[in-house]
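The values are calculated or read from the model by the stated rules, or taken from the named source; none is laboratory data. This structure is a prediction, so every number in the text was calculated from the model and none was measured. FYI the Cβ positions are ideal-geometry reconstructions off the backbone, even for glycines, and counts take in every protein chain you see. Please note that ligands, DNA and RNA were not included when accessible areas were found on the heavy atoms of the full protein model with its side chains. Shrake-Rupley method; radii C 1.70, N 1.55, O 1.52, S 1.80 Å.
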Amino acid sequence: MPRLKDYSREELEALMESWGERPFHGRQIFAGLFKRGVGSVEEMTDLPLRLREKLCEFEPFDLLKPIASQSAPDGTIKTLFELQDGSAIESVWIPEETHAVQCLSTQVGCPLECTFCATGQMGFKRNLSSGEIVDQVVQFRRMKSSIALRNLVFMGMGEPLLNYDNLVKAIRILSAADGAAISQRRMTVSTAGIVPGMRRLAGEGLKIKLAISLNAPTDELRDQLMPINKKYPLADLMKAALEFQKSSNHRITFEYALMPGVNDTTLMIQALRNFLVRIPSKLNLIPLNPIDIKFQPETNWDSIFDRFYRVFEKERIVLTMRRSRGQEIKAACGQLASGSETQHR
Ligand code: SAH
């Protein structure tokens, strides 16, 4: 059964034409699904009755069903969604002072097996469709927060660039003025370093930003933490990052989850500096969110930041540190894992 939310605007127009209807109705359905976020045919009151009757066959429109939500004291909300095939994914809503950021999943599980990441440990089930990616935004908007959604980060479960076509289709729907109308400039795709995907994305003509999960500045260490590095080592990663940087004219963000004694030694900080000076970049230090006992999070946060700052202050590299949000509800980076959640339920 075709699922309307997996259609682009152009595909909905073509569908209408194939039914002998005017393509204009395809645009109305598009706006209904993604701009107004309607859940049923009855709410599509702008369509002629005969078309509404026909569309009943396509119900339910929603591809995701919220089945559990948790809120942290800092206002972060993590919601577990069930998909039509019974799998589950998580999405996180993070309120800032004036606006909110939503963190989206792109796959059920993840094939990359990064050793420090909870999603990586649950294995890979399947890619999300474009509709399933977009529906995370539609569903959260329906929950009506007082703060407006402004930024989207593709940093939830999965590797976005291994689900390339659906990712790009979702970005186009999310940014369309008659879709979810979120500016591409406020979207960040985060990758573990899928080099061919980064190259392709550089030529896609989107205005999105790119973040690269670096986590280690040498191939030796990165091979251990992120097995994908064996396929796309740091030299190749840098070339692709430079390509994207030139096409977007923005700094590339490098995410660096701190693993005390592993990637934060003086030697590692020096190696990191030598790597990053080659590209206009931002270094985002992230406290490691513990998923098991293998890695322990940093305790003396100020002193570690100082140690990085001393090495980076003379360079033209922006150094930031991310506050960990929603840690109490395992909603922070690397803690999303629908499998175990579903079992607990
Ligand atoms: N696959 C993509 C997006 C999902 S991971 C990527 O790798 O970028 C999103 C971010 O969470 C990455 O920067 C990753 O390095 C980080 N991360 C994973 N596990 C973590 C953990 N336990 N603590 C802190 N950050 C983690």
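So here's what we get for this one:
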| read-out | value |
| --- | --- |
| Residue within the range 147-155 that is modelled with pLDDT of 95 or more and in contact with a Lys or Arg (Cβ under 6 Å, 6 or more places away or on another chain) present | yes |
| THR98 assigned to a loop (DSSP other than H, G, I, E, B), within 11 Å of the ligand (Cβ to nearest atom), among the hydroxyl-bearing types (Ser, Thr, Tyr) and under 23 Å from ARG323 (Cα atoms) | no |
| VAL153 within 16 Å of the ligand (Cβ to nearest atom), surrounded by fewer than 24 Cβ atoms within 10 Å (Cβ to Cβ), assigned by TED's automatic domain parsing to the domain that holds GLY203 and not in a helix (DSSP H, G or I) | yes |
| Selection count where residues are over 20 Å from ARG142 (Cβ atoms), open to solvent by 70 Å² or more (accessible area, probe 1.4 Å) and not acidic (Asp, Glu), scope the range 66-100 | 2 |
| Test: residue in the range 145-153 that is closer than 18 Å to ASN289 by Cβ and not aromatic (Phe, Trp, Tyr) | yes |
| Selection count where residues are among the basic types (Lys, Arg) and not in a strand (DSSP E or B), scope the range 101-141 | 1 |
| Qualifying residue in the range 287-298 (condition: β-branched (Val, Ile, Thr), surrounded by 18 or more Cβ atoms within 10 Å (Cβ to Cβ) and modelled with pLDDT of 90 or more) | no |
| Hey, ILE182 more than 15 Å from the ligand (Cβ to nearest atom), modelled with pLDDT under 95 and either in the same structural domain as TYR232 (by TED's automatic domain parsing) or buried (at least 23 other Cβ atoms within 10 Å of the Cβ) (or both) or not | no |
| GLY26 vs. criteria without any contact (Cβ under 8 Å) to a residue 60 or more places away in the chain and part of a loop (DSSP other than H, G, I, E, B) | no |
| Among the candidates GLU90, GLU13, GLU82, residue that is assigned to a strand (DSSP E or B), of a type outside the set (Lys, Arg) and more than 30 Å from VAL195 (Cα to Cα) | GLU82 |
| Residue within the range 45-65 that is among the polar types (S, T, N, Q), open to solvent by 20 Å² or more (accessible area, probe 1.4 Å), out of contact with any Pro (no Cβ under 8 Å at 6 or more places or on another chain) and touching a residue at least 40 places away in the same chain (Cβ under 8 Å) present | no |
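Let's see how each residue does on (1) over 27 Å from GLU97 (Cβ atoms); (2) within 16 Å of the ligand (Cβ to nearest atom); (3) surrounded by fewer than 23 Cβ atoms within 10 Å (Cβ to Cβ); (4) among the aliphatic types (A, V, I, L, M):
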| residue | (1), (2), (3), (4) |
| --- | --- |
| CYS110 | yes, yes, no, no |
| PHE116 | yes, yes, yes, no |
| THR119 | yes, yes, no, no |
| LEU128 | yes, yes, no, yes |
| GLY131 | yes, no, no, no |
